[in-house]
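One structure is given here, and the rest of the page talks about it.
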Amino acid sequence: MAAGKDTNVKKQNKRGTLCNAIISHETCAAVRQPVIFNPDFFVEKLRHERPEVFAEMVLSNITRLIDLPGTEFAQLQGEVDPKLPNSGGFFRSFNFLKRKEKGAVFGMPLTEEGIAQIYQLIEYLSKNLHVEGLFRVPGNSVRQQALREMLDSGEDIDLETGDYHPNDVATLLKVFLGELPEPLLTHRHYHAHLKVAELTLFDDKGNKTSVPDKERQIEALQLLLMLLPPANRSLLKLLLDLLYQTARQQDRNRMSAFNLALMFAPHVMWPRNMTASDLQENINKLNNGMAFLIKHSQKLFRAPPYIRELARMQFAGSKTLQSKDDLDLLPSHEAEDPAAPSKRTCPDVSAGPHTEEALKELFRHVTNMPDSARKKKLIRQFVKQSTPGTPGYDCQTPPCPGKKHPRSRSFGGIIKRKVLGNQAAAADRKGRAMPSAVNVPSMKQGKENSSLTPV
């Protein structure tokens with residue numbers, strides 16, 4: 001009885017740990033989980049509180065980057081179901097054909113509970129990235145079947161016992177992805193990803209080149225991934241992180257980003273029941289697109305800066321802006337944060353009592369200092385910067401409009417005294433022409449002076 005209770009407690013703890021790792025979008029074990037995919041508060045707030053506004057904002061910016069015809073754009077919006085061929089698929093793994101019964105995880109629509117089970121495989125593989133041919137060399141089918149049944153039953157598996165090889169776990173992960181009802185990027189996003197692969201740079205004459213425009217591709221993918229269902233987005237993040245770390249150790253496992261793309265593009269990007277003609281036409285785009293996802297995976301799950309700004313402005317009162325172009329049309333003072341304090345252009349005559357008292361205390365401290373050049377300098381600064389309510393301010397003795405204060409200094413005068421010395425500055429005040437730098441024998445030949453000497 002006690003052993004069964006300990007097992008249940010251990011399973012609950014394991015579930016909580018896995019839920020923390022995949023960041024469920026639902027409440028897990030009565031604990032609200034933080035969102036790690038997009039650190040911006042207002043973007044996530046808009047996604048959850050105003051999903052229609054969020055989707056419209058993202059879609060309007062996607063159409064700015066890629067050209068989607070009416071039917072394909074309607075599919076991306078979910079208004080039209082994608083058309084899939086009725087015939088059998090091409091180049092599907094024979095392991096998929098052996099499946100006859102659907103379990104709780106394999107062959108079922110993607111759920112957070114299913115991701116929690118599959119995360120056990122991902123966590124184990126992240127510790128065995130050094131294995132040569134990982135994800136390419138098949139594992140043992142008998143061990144894979146036993147492991148599959150345990151995952152379908154909801155058991156927590158200790159993969160560190162040595163009963164399973166990393167190749168068994170890697171192959172089973174691919175089987176799970178291949179048996180999903182639709183690819184991880186969904187059928188709705190298929191045509192959009194093909195368009196992203198076609199984004200290239202332009203030459204000086206405005207003609208398209210064959211060089212990919214990586215910045216626009218990353219921006220478009222950031223927007224597309226924001227529209228994925230929460231479960232798909234969670235698993236895609238975990239999978240791409242695993243493949244990215246695998247590719248970083250390609251000198252040991254011989255699996256580059258492109259080699260991994262060949263293994264996972266059929267499960268992540270290819271539509272189910274893809275025909276041979278469609279495959280032949282788009283296979284290069286799909287494979288290169290999957291490799292691009294792996295290489296730049298660390299940037300793809302962040303919202304573009306202008307999306308963060310647009311989302312913030314949705315909660316600041318401006319609800320008409322939807323795209324980056326709208327944001328660019330705003331005057332600079334309106335694009336700034338309305339909650340940010342503005343820079344004051346005139347003295348604040350309504351200084352608080354605490355500020356006034358602190359300034360008086362500081363002035364008393366300066367006046368009690370021993371006589372020195374520093375003390376005189378500080379008192380001059382008090383007199384110069386004094387405003388109503390501060391020490392040293394005298395509103396009854398305004399300066400004479402026609403007379404210049406003896407201590408007033410112009411910016412030009414300071415530069416002259418620094419560069420040409422006191423003699424040249426005195427000559428300038430008397431109305432004489434300023435001597436050139438070459439004819440002034442008393443000019444200080446320091447480092448600053450040498451940099452200002454005309455060549």
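The values are calculated or read from the model by the stated rules, or taken from the named source; none is laboratory data. As the structure is a prediction and not an experimental result, all values here were calculated from the model. Note: ideal-geometry Cβ built from the backbone for every residue, glycine included; neighbour counts use all protein chains shown.
Structure above, values below:
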| quantity | calculated |
| --- | --- |
| Tally, over the stretch 226-237, of residues that are surrounded by fewer than 22 Cβ atoms within 10 Å (Cβ to Cβ) and either among the aliphatic types (A, V, I, L, M) or more than 15 Å from PRO109 (Cα to Cα) (or both) | 5 |
| Residues within the stretch 109-134 that are within 13 Å of PHE176 (Cβ to Cβ), outside any helix (DSSP H, G or I) and either outside the structural domain of ARG233 (by TED's automatic domain parsing) or modelled with pLDDT of 95 or more (or both), tallied | 0 |
